[in-house]
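A.B. asks: Take a look at the following structure, please.
Please treat every number below as a calculation from the coordinates, not as lab data. Just so it is clear, the structure is predicted and the values come from calculations on it, not from any experiment. FYI the Cβ positions are ideal-geometry reconstructions off the backbone, even for glycines, and counts take in every protein chain you see.
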Amino acid sequence: MNRKVHDLFIIGGGVNGCGVARDAAGRGLSVVLTEMNDLGSATSSSSTKLFHGGLRYLEFFEFRLVKEALEEREVLLKAMPHISWPMRFILPLDKSQRFESTTPASKLLNTILPFYKNRRPAWLIRVGLFFYDLMGGRKILPPTNKLDLSVIVEGAPLKKKFRKAFEYSDCWIEDSRLVVLNAKDAAKLGAEIYVNTKVISAKKDDGLWRVETKNQKTGKREIFLSKVLINAGGPWVSDIIHSVLRVNSPEKIRLVRGSHIVVPKIWDHGKCYFFQGNDGRIIFAIPYETDFTLIGTTDIDHIELDEKPECSEDEKNYLINFANQYFNTQLKVDDVVWTYSGVRPLQDTSEGNATAVTRDYNIKVNLEHEVPLINIFGGKITTYRKLSESVLNEVAAFFPKMRGPWTAEAHLPGG
């Protein structure tokens, strides 16, 4: 048994767990992090590879989330220019494109201007992009432009009916490297990082957490003592609460699968596309690894936690048909060279449609028997650093000598 008492024990080596470990270690706390597989092996490495504000979240009136994500986008660009860089997105306009009918914006527009019949008018998209530029306090990225697709190279891959478009900015992120670099910096600052190490029990013992772990490869078991336990288990957060920690929690998560397809390169320029569908959803089409195009994502409920997330035939066909509405190149199933899928652990807000579930995060502090437990629900890769700061704000009450925030001005290793 390891008799050393650590300040924090973190379960989960995704972007949130590693972000919290780095922030905490940099503030002088002693930290242990365990990941049952490899770092970033689940949701964090299966994203659409974007730091973005979430343009579509404006239709759900999630202004706080969008503002925070847009502000973070520029903070993160400065901190990690070696793994994140600006990209321009082309948003073609089409009068037939519609809102998802359940969004607050669509309901409001249908009440005020019912003759639009749930269509998403160009002027409303322009208003949304205006606020997208404004809310982010944009300093690095160029503003939104209106484009004539008939006279520019970006219009060449698209069907001729798409003549007008808007162009706006968001950013690429190497998601797997983001996780590893946060863990590397945390370790440099003194955190202990253990991979292939599963928490098999965690009990309250004389004012501390007594955590038992098992190495998945060697079978070695070890016991750690910690003042605060942080559950950053991602899709497994609820399972950890009920099966490992055995504590009560009213919060629920909804597992939503996002799948992507990779096809041979469709266009030769370096910009991306943002497409609106007839069903109200959106997808991205992004240059990928020089010779390919990445297309995604879907929003499908993922029922079984232990079932490996994989792109279904229905999802594959959905993405192909979606892209074929826009591109001259008509994709077929045989064109798909690779697929990948990740499960988003979103807060269960009882929404009927998976697309409508909030991407915001929720941090819950459990002080049962005065032994602190912090559970992290939801979140998106763009706001991982702010989420980490929010967790440390909660932790501060238990460590009055802890140093203050520091990551906003700090580069990741190599940056």
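A.B. asks: For the chain, set up a GNM with springs between Cα atoms under 10 Å and report which of 167, 289, 394 has the largest fluctuation.
C.D. replies: Ranking 167, 289, 394 by mean-square fluctuation puts 289 first.
A.B. asks: What is the magnitude of the charge dipole of region 156-273 about its Cα centre, with +1 placed on the Cβ of each Lys and Arg, -1 on the Cβ of each Asp and Glu, and no other charges, expressed in debye to the nearest 20? Walk me through the numbers before you get to the answer.
C.D. replies: Details: 23 positive and 13 negative charges, 123 e Å.
Using Cβ point charges on Lys, Arg, Asp and Glu, region 156-273 gives about 600 debye.
A.B. asks: Using a simple charge model, +1 on the beta-carbon of Lys and Arg, -1 on the beta-carbon of Asp and Glu, nothing else, what dipole does the chain show about its Cα centre, in debye to the nearest 20? Mind showing how you got there, number by number?
C.D. replies: Values: 56 positive and 50 negative charges, 150 e Å.
Magnitude of the dipole: close to 720 debye.
A.B. asks: May I pose another question? Going down the list 139/164; 95/146; 198/220; 217/380, which pairs span over 19 Å between their C-alpha atoms? List each step's numbers first, then the result.
C.D. replies: Details: 139/164 26 Å; 95/146 16 Å; 198/220 11 Å; 217/380 30 Å.
With Cα atoms farther than 19 Å apart: 139/164; 217/380.
A.B. asks: Modelled label-to-label distance, residue 291 and residue 243, 7 Å Cα→beta-carbon offset: nm?
C.D. replies: Distance between label points: 4.1 nm.
A.B. asks: Give me Rg/Rg_expected for region 259-344, where Rg uses Cα atoms only and Rg_expected = 2.2 N^0.38 Å with N residues. Could the numbers behind the result be given before it?
C.D. replies: Details: Rg = 12.8 Å, N = 86, 2.2 N^0.38 = 12.0 Å.
Expressed relative to 2.2 N^0.38 Å, the Cα Rg reads 1.07.
A.B. asks: Check every DSSP H run in the chain and write down those whose alpha carbon atoms cover 30 angstrom or more along the long axis and whose mean Kyte-Doolittle hydropathy is 1.0 or greater. Each step should come with its number before you reach the end.
C.D. replies: Numbers: long enough: none.
Helices meeting the span and hydropathy rule in the chain: none at all.
A.B. asks: To continue, here is another question. Semi-axes of the equivalent ellipsoid for the chain, please: Cα gyration tensor eigenvalues, times 5, square-rooted, ordered largest first, whole Å. Could the numbers behind the result be given before it?
C.D. replies: Working: eigenvalues 314, 90, 88 Å².
Rounded to whole Å, the semi-axes are 40, 21, 21.
A.B. asks: Say each of residue 269 and residue 148 gets a label point 7 Å from the Cα, pointing the same way as Cα to Cβ; how far apart are those two points in nm?
C.D. replies: 1.4
A.B. asks: If the only charges are +1 at each Lys and Arg Cβ and -1 at each Asp and Glu Cβ, what is the size of the charge dipole of region 42-97 around the Cα centre, to the nearest 20 debye? List each step's numbers first, then the result.
C.D. replies: Numbers: 8 positive and 7 negative charges, 30 e Å.
For this selection, approximately 140 debye.
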